[in-house]
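Laboratory data are not the source of any read-out in this text; all were calculated from the coordinates shown. Since this is a predicted model, take the numbers as computed values, not measurements. Don't worry about glycine lacking a Cβ; one is built from the backbone with ideal geometry, like all the others, and counts go over all protein chains shown.
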Ligand code: ADP
Ligand code: ASP
Ligand code: MG
């Protein structure tokens, strides 16, 4: 079998952990598998590098930022390859470029366009263990890019797809995907399996156990993904196609996202083309807008438009929006960063009603005010004040019967 194993930051946090990773890789290789390892930077390293850049400049150039950030994964890939070699295997460490990971040129959140991977294929056939630096690629013009925070998950899934791997294992610091973040709700239950769709919702709604794009990619190319712990041998969670069993469960998970800021454009003239102008301007800057709410104002001639963006983009979005608001003759723009999004997810919602009202009831009972609501076929999300995040997650987890 060809197996891709991705190890996150805590799994390669120090020399001891890297040795443990090498042991697991060695065991997998000795069972007769071809192993491709994908590693993250040591935990905290990426944040540290971002901090350094921000000390140098309030607005560091994105091209240089990517070169800087990609260095964390270079370190761990080389060290991991050395550790695997010291256990008697042949091993080769590759950067994203050496792996042939070609991306677009949207620095700090590039998309993978293709993976050539010829050198890796040849090396695997020659009996090498390959260790790839996650989170990075290269543009056609030879600039280093990174794939967005948590992007090593995407590196792993995309490499698994390109090499036609039989399995993509994501090793992290929890035993699998839980009904909610086990670090917030200790009663959370581990799921034996979860559908791509539910996992995609959970991830995009804030469950950082898998990066959203990695799930999107796995779903599109049918890559079998298992999430498990690098600290023990417990069976993990299989992320796979939906089956009949899964539909019986109405809510399968609760997610939270504290990285959402809310921007409101007040008193926008109520005429065609206004929303188009506003959101085109934001989209052109590669900023991802999540929830959008538009309200007719009481006098009927103007509306308020509220939307959410990642907090990391909030200052940039505010500036952009103020510019556009001026053009549109809006009354003003305001930014709130003390917000969080709480969501419940489940494919069973397609066939069960009442989930939204139960969610609103539960939040109301605990005095938590709802600022924005959005729903889809398999999720309900509410924006609330961020200080209530943990409380909301706990009471919703309980209310939907997810606690063990
Ligand atoms: P890594 O560094 O290995 O990529 P991450 O920190 O990115 O690990 O993701 C693992 C973390 O995801 C866990 O420690 C946990 O706090 C968090 N998490 C959030 N929601 C969930 C969930 N539903 N199931 C499991 N873990 C979750
Ligand atoms: N090191 C990168 C990050 O912290 C990528 C990853 O860990 O997946 O976001
Ligand atoms: Mg991660």
- Taking the stretch 80-181 and dividing mean pair separation by its residue count, relative contact order in percent (alpha carbons under 8 Å, at least six apart): 26 percent
- Item | Centroid-to-centroid separation of the stretch 62-141 and the stretch 169-229 [C-alpha atoms, Å] | 24 Å
- FRET efficiency (residue 173, residue 376; Cβ distance; R0 25 Å; to 0.05) is 0.25
- Note on the structure: Normalised Cα Rg of the stretch 139-258, dividing by 2.2 N^0.38 Å with N its residue count, works out at 1.07
- Item | Helix-only CD estimate at 222 nm, as mean residue ellipticity for the chain, using -39500 (n - 2.57) per DSSP H run (n ≥ 4) | -11000 deg cm²/dmol
- Protection-proxy order for peptides 319-331, 91-103, 126-138, each taking the mean of Cβ atoms within 10 Å per residue, highest first: 126-138, 91-103, 319-331
- Query: Taking the radius of gyration and the Kirkwood hydrodynamic radius from Cα positions alone, what is the Rg/Rh ratio for the stretch 188-321, to two decimal places?
  - Reply: 1.10
- Take the Cβ-Cβ distance between residue 106 and residue 271 as r, set R0 to 25 Å, and report the resulting FRET efficiency rounded to the nearest 0.05. 0.20
- Query: Most fluctuating residue of 376, 343, 195 in a GNM of the chain with Cα springs under 10 Å: which is it?
  - Reply: 376
- Distance (nanometres) between label positions extended 7 Å along Cα→Cβ at residue 361 and residue 113: 5.3 nm
- Task: Take the chain, connect every pair of alpha-carbon atoms lying under 10 Å apart with a spring to form a Gaussian network, then pick out the residue of 116, 351, 179 with the largest mean-square fluctuation.
- Result: 351
- Message: From Cα pairs below 8 angstrom and at least 6 apart in sequence, can you work out the relative contact order of the stretch 229-384, rounded to a whole percent?
- Response: 30 percent
- Among 43, 285, 26, determine the one that fluctuates most according to a GNM of the chain built with springs between C-alpha atoms less than 10 Å apart. 285
- Task: Pop a pseudo-label 7 angstrom from the Cα along the beta-carbon direction at both residue 75 and residue 231 and give the gap in nm to one decimal.
- Result: 2.2 nm
- Note on the structure: Distance in nm between residue 322 and residue 47 label points, each 7 Å along Cα→Cβ, equals 2.9 nm
- Item | Kirkwood hydrodynamic radius over Cα pairs of the stretch 269-394, then Stokes diffusion coefficient at 25 °C and 0.890 mPa s, in µm²/s | 151 µm²/s
- Item | Along each principal axis, Cα extent of the chain, largest first, Å | 76, 49, 34
- In angstroms, what radius of gyration and Dmax does the stretch 84-176 have, counting Cα atoms only? 13.6, 40
- Task: Pop out the Kirkwood hydrodynamic radius of the stretch 1-156 from its pairwise C-alpha distances, inverse of mean 1/r, in Å to one decimal.
- Result: 15.5 Å
- Message: Just to compare against my own numbers: the Cα pair-distance distribution for the stretch 1-42, 10 Å bins, whole % per bin, please.
- Response: 33, 50, 17
- Dividing the alpha-carbon radius of gyration of the stretch 265-316 by 2.2 N^0.38 Å, where N counts its residues, gives 1.19
- Message: Tell me the angle of helix 274-283 to the major Cα principal axis of the chain, expressed in degrees between 0 and 90 and rounded to the nearest ten.
- Response: 20 degrees
- Message: For a quick size check, give me the Cα extents of the stretch 307-369 along its three principal axes, largest first, whole Å.
- Response: 45, 27, 24
- Task: Could you calculate the FRET efficiency of residue 289 with residue 62 from 1/(1 + (r/R0)^6), where r is the beta carbon distance between them and R0 is 35 Å, rounded to 0.05?
- Result: 0.95
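In whole percent, what relative contact order does the chain give with Cα contacts below 8 Å and a gap of six or more residues?
14 percent
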